[in-house]
Amino acid sequence: MAAIVEFIHTATLLHDDVVDESSLRRGRLTAHRVWDNPTAILVGDFLYSRAFQMMVSLNNMAAMQILAETTNVIAEGEVLQLTYRHQPNIPEAHYLRVIQLKTAKLSKLQHNWVQY
């Protein structure tokens, strides 16, 4: 389960850096700056698809449902973030909602995965 969550998290970071046009993550060049956008996106897609393969191997419908819901919520957060792009004065509540849908959702999942 932990590896699945980490694959999903890494995929979201790869995609997010492309969308945000980020040059650095934790002080290092982002994947799309080292290679290019298509490579970073496709590696992120590979990690997502591999995570879903790993989910299926668990043969646990409840865990699969939670992970599928989580990835959907994260994608919703990414789309919401795009709607606020280049709007530095959005209300704090909107900013916090984006964070909740993105990383906070994944963080909550990591705390609850032990039961599966």
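The values are calculated or read from the model by the stated rules, or taken from the named source; none is laboratory data. Everything numeric in this text was worked out from a predicted model, so none of it was measured. Glycine also receives a Cβ, built like all others from the backbone with ideal geometry; neighbour counts cover every protein chain displayed. Side chains included, ligands, DNA and RNA excluded: accessible areas come from the protein's heavy atoms. Shrake-Rupley method; radii C 1.70, N 1.55, O 1.52, S 1.80 Å.
Structure summary
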{"read-out": "Three-way shape call for the chain based on the alpha-carbon gyration tensor, with the a/c threshold at 1.5", "value": "oblate"}
{"read-out": "Lys, Arg +1 and Asp, Glu -1 on Cβ, resulting dipole of the chain about Cα centre, debye, nearest 20", "value": "240 debye"}
{"read-out": "Rounded to the nearest 10 Å², the accessible area of residue 24 at probe 1.4 Å", "value": "110 Å²"}
{"read-out": "Sequence-separation-based contact order of the chain, relative, with Cα cut under 8 Å and 6+ spacing, percent", "value": "30 percent"}
{"read-out": "Separation of the residue 20 and residue 42 label points, Cα + 7 Å toward Cβ, nm", "value": "2.5 nm"}
{"read-out": "Residue-normalised accessible area of the chain, given per residue in Å² at a 1.4 Å probe", "value": "64 Å²"}
{"read-out": "Solvent exposure, largest accessible area first (probe 1.4 Å, DNA, RNA and ligands not counted), of 18, 43", "value": "43, 18"}
{"read-out": "Residue with peak Gaussian network fluctuation, the chain [Cα springs, cutoff 10 Å], from 15, 86, 94", "value": "86"}
